[in-house]
1. Against the longest alpha carbon principal axis of the chain, how many degrees, from 0 to 90 and to the nearest 10, is the axis of helix 132-156 turned?
2. Once you place label points 7 Å from the Cα toward the Cβ at residue 165 and residue 61, how far apart are they in nm?
3. Determine, for 44, 38, the number of other Cβ atoms within 10 Å of each Cβ, and report the residues in order from fewest to most.
4. Going out from 0 in 5 Å bins, what whole percent of all Cα-Cα distances in the chain drops into each bin?
5. Full extension from residue 14 to residue 133: what is 0.36 nm times the residue separation minus their Cα-Cα distance, to one decimal in nm?
6. If each residue's Cβ is checked for other Cβ atoms within 10 Å, how do 26, 85 rank with the fewest at the top?
7. Sequence gap at least 6, Cα distance under 8 Å: using those rules, report the relative contact order of the chain to the nearest whole percent.
8. Please give, to one decimal in nm, the separation of the simple spin-label points placed at residue 124 and residue 101, each 7 Å out from Cα toward the Cβ.
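We did not get these values from a lab; they are worked out from the coordinates using the rules stated. None of the values given here were measured: they were computed from a predicted structure. Because the Cβ atoms are built from the backbone with ideal geometry, glycine has one as well, and the counts that use them run over all protein chains shown.
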Amino acid sequence: MELLPTTSETSLERGSWFVFQIRNNTIRAWCSHKSGLERIYLNEKIISERRGLKRISEHIFNLEDHEINVTFKVISIFQGTLECTLYEDGRLIKSYLVRCVGAKPFSWKNLLLGLLGGVAIGSVCSYLILPPWLFLILIGLIVACLSVVFVNKSKANTSRMVVEEKIIN
């Protein structure tokens, strides 16, 4: 049996764990950032499992004659922001927020530069009337060079994911 965490934690590789306490019960919610798989544990036992492919996913079950609702909500795919909230009988109990700190995983500047580079390459190739095979070789070389640059940049990226408890007013 796998060891379940006692505190909320997150990582891109292992997913996010959210730990809630209700009376003498521990509810753990886990989600994978890669596959979308979600699991809800009551104490040490899995009570709900599904692949969440929507922006909002709910897991509803009963605990000691109370309706418990664990909700995963993707706030921003581009910024890597996710919220996990626990409700008991419709009342908000606790909410966690996962977000990236440091360098952001998505940048409008990088997207715009990539699009402008593509337009420039396409314009030069059409102006010079290059044969299709030469055009494909040129595109292949550019993609290879950009791949090396982005891999090295991602290794130097200092961003990390954190779990924060949201303040309930």
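1. Its long axis makes an angle of about 40 degrees.
2. 2.3 nm
3. 44, 38
4. Histogramming the chain at 5 Å steps yields 1, 7, 14, 16, 13, 10, 8, 7, 7, 5, 4, 3, 2, 1, 0 percent.
5. Between residue 14 and residue 133, full extension yields 38.6 nm more.
6. So the residues, fewest neighbours to most, are 26, 85.
7. RCO, the chain: 17 percent.
8. Going from the residue 124 label point to the residue 101 one covers 4.2 nm.
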